[in-house]
Amino acid sequence: MFALFVQTLPFFALIGLGYWAGRSGFFTPEATQYLTKFVFYFALSAMLFRFAASLSLGAVFSWSFVAAYLTGCAVVYVLAALVALFRQRPFTEAAMEAQVAVIGNTGFLGVPMLVVLMGEAAAGPVLMVLALDLIVFSSLFTLIVTAARESRFSPDLVRILGMGLLRNPMIVAMGAGLVWSATGWPLPGPAESFLSMLGAAATPGALFAIGASLADKSAERLSVAVWLSVCKLVLHPAAVAVAALLVFDVDPFAASVMIAAAALPVAGNVYMLAKHYGVAAQRVSAAIFVSTVASIVTVPTVIAWVGG
């Protein structure tokens, strides 16, 4: 356990460095925004394309994997929403708290860290988790909020959701990589070198950007933030573990990657959703901050458990 903690320490040290840079004013919010754009649209997309181009669809997609992950997520999603409704929060806020409870920082933290710690074979399962988070849950929240506010379902919403997914560079990069993989052609040497160089910037850039973005997050409303962090860091991986290992009989290694991915702290893009729709942004901000700090201990613990 201690050895794994030492292995994860550089990842969280980079987050801490970014936090210091943002908190001290050395890195302005505008600088953080542009660094995040570079990582999101270029470096991380290059990394995802390169990983996907080396995998077959079968190495990424499995019905039992999808069923197990979505089942585990659904249990925690419903629980978090019910607790919010019990606290007499509006339906849209309950949906946002449910989103916080199941959407981890898979793109910026999970992909680079889990591939390093668990090996290249972890790329397929972690890409599947990322795709499910982006396609299923981001769309689900948009549907819930729109339906709650307009009291009706607009057929045009499907087109909007589809265009939103097609504009997401992570979805496009993974899809394009799998299409290239299906051709059976190896990446040309110059393209491989280009993608390797650009993708190498994803890990330090993403981790630094996570830390810098935390600098303007506060830890107000701690009781709710702690509860949602427990959902994300403890209940979510536990529910996914039960579904993967006891219900759907997922391949053991793929299940271990899925569980580790479920243990990641709350994703920054949940805050972007909260700000965009004006739903509980302060609460989401606090949960991101608390879960990221707590994950310094919880993530190595979960990875050590699944590795054992």
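The values are calculated or read from the model by the stated rules, or taken from the named source; none is laboratory data. None of the values given here were measured: they were computed from a predicted structure. Glycine also receives a Cβ, built like all others from the backbone with ideal geometry; neighbour counts cover every protein chain displayed.
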Filtered residue count, segment 147-175, keeping only those that are on the phi < 0 side of the Ramachandran plot and at pLDDT below 75: 19
If LEU235 passes every condition in (1) over 19 Å from ALA81 (Cα atoms); (2) of a type in the set (A, V, I, L, M, F, W, C); (3) touching a residue at least 40 places away in the same chain (Cβ under 8 Å) but one, which one does it miss? (1)
Residue list for segment 29-62, filter: of a type outside the set (A, V, I, L, M, F, W, C), farther than 18 Å from TYR271 by Cβ and out of contact with any Leu (no Cβ under 7 Å at 6 or more places or on another chain): TYR41, SER45, SER54, SER56, GLY58, SER62
Among the listed residues VAL240, VAL250, VAL270, VAL266, identify the single one that is within 19 Å of THR301 (Cβ to Cβ), at pLDDT below 95 and buried (at least 24 other Cβ atoms within 10 Å of the Cβ). VAL266
Restricting segment 18-41 to residues that are under 24 Å from MET170 (Cβ atoms) and out of contact with any helix residue (DSSP H, G or I) (no Cβ under 6 Å at 6 or more places or on another chain), the one surrounded by the fewest Cβ atoms within 10 Å (Cβ to Cβ) turns out to be GLU30
For segment 32-115, which helices (runs of 4 or more DSSP H) that fit wholly inside it have 1 or more residues that are free of Cβ contacts under 8 Å to residues at least 24 places away in the same chain? 57-60, 63-86, 91-102
Out of the residues in segment 10-31 that are without any contact (Cβ under 8 Å) to a residue 40 or more places away in the chain and part of a helix (DSSP H, G or I), which is nearest to ALA191 (Cα to Cα)? PRO10
Is it fair to say LEU143 is in a helix (DSSP H, G or I) and within 30 Å of GLY184 (Cα to Cα)? no
I'd like the full set of residues that are under 15 Å from SER256 (Cβ atoms) and within 8 Å of the chain's Cα centre (by Cα), limited to segment 107-128. GLY110
Filter segment 278-300 down to the residues that are touching a residue at least 40 places away in the same chain (Cβ under 8 Å) and either among the aromatic types (Phe, Trp, Tyr) or over 22 Å from LEU114 (Cβ atoms) (or both) and list them by number. VAL279, ALA280, GLN282, ARG283, VAL284, SER285, ALA286, PHE289
Report those helices (runs of 4 or more DSSP H) wholly inside segment 204-308 carrying at least 3 residues which are of a type in the set (S, T, N, Q) and under 26 Å from ALA121 (Cβ atoms). 281-307
Looking at (1) at pLDDT below 90; (2) under 24 Å from ALA254 (Cβ atoms), which one does THR92 not meet, given that it meets all the others? (2)
